[in-house]
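Shown next, in structure tokens, is the structure this report addresses.
Laboratory data are not the source of any read-out in this text; all were calculated from the coordinates shown. Every value quoted in this text rests on a predicted model; they were computed, and no experiment measured them. Here the Cβ positions follow ideal geometry from the backbone for every residue, glycine too, while neighbour counts run over all protein chains shown.
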Amino acid sequence: MLFRSALCPLFAPILRYACSFDRVTWLVLATDGFFEWENNQGEQFGVLRMEESIRASGDSRPAEIITRLYETVNAFSRGTKQQDDLTAVIIKRL
């Protein structure tokens, strides 16, 4: 499975953004609240862990992937308070 990812900051002016979907492709849109959530040692969850969580979900339904991502981030945080919003949308090409 080929997994490509890119971050596109919402703070930068975006005039046009296009992507092409291969045979089976997921488009995951998530706010920085997921990857910036820190554990009790001040370490952020990070984009790589986020990608690993999504990848580990395999062919699950989008709602299950988002649930797993939240549970993974929450476990990583080791009880630290959520500091930012958590929003995710998943689009899958069938």
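Each peptide in 71-77, 33-39 receives the mean, over its residues, of other Cβ atoms within 10 Å, and ordering these scores from highest gives 33-39, 71-77.
Taking 20 °C and 1.002 mPa s as conditions, the stretch 26-92 diffuses translationally at an estimated 180 µm²/s according to Stokes-Einstein applied to its Kirkwood radius (Cα pairs). Straightening the chain between T87 and E43 buys 13.8 nm, computed as 0.36 nm per residue apart minus the Cα-Cα spacing.
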